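Step one of this worksheet: look at the structure below.
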Amino acid sequence: MNALQQNLSITLLDDCVFSERAATEGMHDTLDCIPGSALLGAAAAQLYAQLTPEQAFEAFHSGRLRFGNGLPEVDGALAWPVPMCWHYAKNDKPQRGRFDSHKLHNFLLKEAIKSEKAQGQEQAKQLRDGYVSAAGVWVKPLQNYRMKTAIDAATGRAADAQLFGYSALQRGQRFIASIEADVDFDPALFSRVTQVLQGQVLLGRSRSAEYGRVRIRHDAAASVQFQPGPSQGQTLTLWLISDLAPCDAYGQPTLALDPLALGLPEGSKIKWDKTFIRSRRYSPWNAKRHGFDAERQVFMAGSVLQVELPDGADAKAVAERLSQGMGLHREAGLGRVWVNSPLLATEHPAFASAPKAADSKPVSRPDHPLIRWLEQGAVSTNDVEERVGMMAEEYRAAIESARLAKGYPSDATDFYPSRSQWGSVLEAARSKRGGDLYASLFGGNGVIKPGGKGWDLEIPPTTAKDGWTKLADWLKARLAPASQQTCDAVFVQQLARRLMDQPAKRKV
């Protein structure tokens, strides 16, 4: 068991690019998860120079501290890469959503799909993409692709032959990751590493442009455990939750599976007829050294291996050891495995019941002055900053949707409120509070006028029931509740400061 573990809940504030390979030629694809190497790099960028060489090696190179991949969150729970031993009848493909377990066939326990309509067999097809939760929800993280062109610094125009594109994970999605350490790892060092992975962090490629912002919070409730399932005699079923980089007897990368190099006892055998694997190879780019690292040859997440241990081997002890990780580069999230998963123990997967809505029965509370103060609306600075960040993202999304609807060019900045207009909002929030601030912003001679330039921008509807609305009315609905003609001055000040830079950022 790991003595130290910190679970992370990661929300994408911007589109994020995690390249599947570092090559500059050919089609660009992004990974469908947040690689542990991205979290390792984010922590190392802040801490490496502050640590001694011994501490730096222990934290980022030894493999005793492991940064797990960020996997999709579904209904507050983790989703795992779909196991490649699951097959379905070619003419009965599952639909996105919750799996019908009877349509999934575990080829660890059977060799064909019998036809129910006629004698014989149906053509089987392997599931190869997406993630599945314990409740059987099948999801595939949303991605988009944008074409870009480099700008010639001398002319300010598009550079010749410099067209490229980025595939990216769409913003707004949530992922769960885990940082784990060995039992005897230094708790103080573990705490230093995990503390820098909080709040707003930049991950992935093109972080200096429009990509990469995420919000990370520590979440003790998020479950990412891969505890070994019940024993199956001397047979172990290994479900790869992340890519596995195996090695040979000399520690060199290889795709020739060596049971001893995987940490299995001598005499262990791989049951090839019950093994379902896919592989890829890539050379990660090392930004510190400005060059490529050694090529990695990996079996892809979702692969399933079944091994037979020799007589006399302690299957439970081996399963516990393998659960700590296998192969190379475990510090970067590789080598995570689920041994004897219950989802692979039956001919058709046995999914858990769908989560039920929480009980809405009010919980009694003690009568304490602090609780009464909190109920009166006192809000911490961190809470205000988080609300401002969410509001600013919503504002930018509304401006972007209006730009697309109107057909304005991507570098246009004169159709929405300028820096000076938001400066006027800031000045009003500095000098007034509550109802006076509301009147100063939205009154007859208020700063935010429905007919004023920029404030009269029409925002497209977000749902079929909504209609077009002017930006001034859109802001009023969010800055002042309908039943109370009052505004939170602290919130308006921080929002105005952040949005004052919006036109300037659009010009870059």
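What follows is calculated from the coordinates using simple rules that are stated; it is not laboratory data. Here the structure is a predicted model, which is why all the values come from computation and not from measurement. In this analysis, Cβ positions are derived from the backbone assuming ideal geometry, glycine residues included, and neighbour counts consider all displayed protein chains.
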## Note on the structure
Between the alpha carbon centres of the range 45-76 and the range 429-480 the gap in Å comes to 45
#### Entry: Prolate/oblate/rounded call for the range 227-287, Cα gyration tensor, a/c under 1.5 rounded
prolate
### Query
For semi-axes √(5λ) of the Cα gyration tensor in Å, the choices are [x] 145, 16, 15; [y] 47, 27, 26; [z] 37, 26, 24; which was calculated from the structure?
[y]
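Please identify the trypsin sites (Lys or Arg not before Pro) of the range 233-287 that satisfy two criteria: DSSP loop assignment and at most 15 other Cβ atoms within 10 Å. Which are they?
271, 278
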### Query
For the range 249-362, what size does the Cα cloud have along each of its three principal axes, sorted from largest down, in whole Å?
58, 46, 25
### Message
Out of the trypsin sites (Lys or Arg not before Pro) in the range 109-157, which ones are loop residues according to DSSP with at most 14 other C-beta atoms within 10 Å?
### Response
110, 117, 128, 157
#### Entry: Ranking of 490, 337, 183, 307 by count of other Cβ atoms within 10 Å, fewest first
183, 490, 307, 337
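Given a Förster distance of 22 Å, report the FRET efficiency between residue 256 and residue 22 from their Cβ-Cβ distance, rounded to the nearest 0.05. Please report the intermediate quantities before stating the final value.
On the way: r = 25 Å, r/R0 = 1.12.
E(calc), rounded to 0.05, equals 0.35.
At most 16 other Cβ atoms within 10 Å plus a DSSP loop assignment makes a site exposed; report the longest stretch of the chain without any exposed chymotrypsin sites (Phe, Trp or Tyr not before Pro).
Longest site-free region, per DSSP loop and neighbour criteria: 1-249.
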### Query
So what is the relative contact order for the range 207-324, in percent, with contacts set as C-alpha pairs under 8 Å and at least six apart?
33
### Task
May I ask you to sort 160, 473 by Cβ crowding, counting other Cβ atoms within 10 Å and putting the fewest first?
160, 473
## Note on the structure
With x for Gly and Pro, the residue-by-residue ³J(HN,Hα) of the range 229-236, computed from phi through the Karplus equation 6.51 cos²θ - 1.76 cosθ + 1.60 at θ = phi - 60° and given in whole Hz, is x, x, 5, 10, x, 9, 9, 10
### Task
Would you mind checking the pairs 406/470; 93/271; 103/316; 114/140 and listing those with alpha carbons more than 25 angstrom apart?
93/271; 103/316; 114/140
### Surrounding net charge for residue 9, when Lys and Arg each add one and Asp and Glu each subtract one, Cβ distance under 11 Å
+1
### Query
Can you list the residues, at least 5 places off or on another chain, whose amide H is less than 5 Å from the amide H of residue 286, using H built in the peptide plane?
291, 292, 293
### Query
Can you pull out the GluC sites (Glu not before Pro) in the range 74-167 that DSSP calls coil and that have at most 15 other Cβ atoms within 10 Å?
111, 116
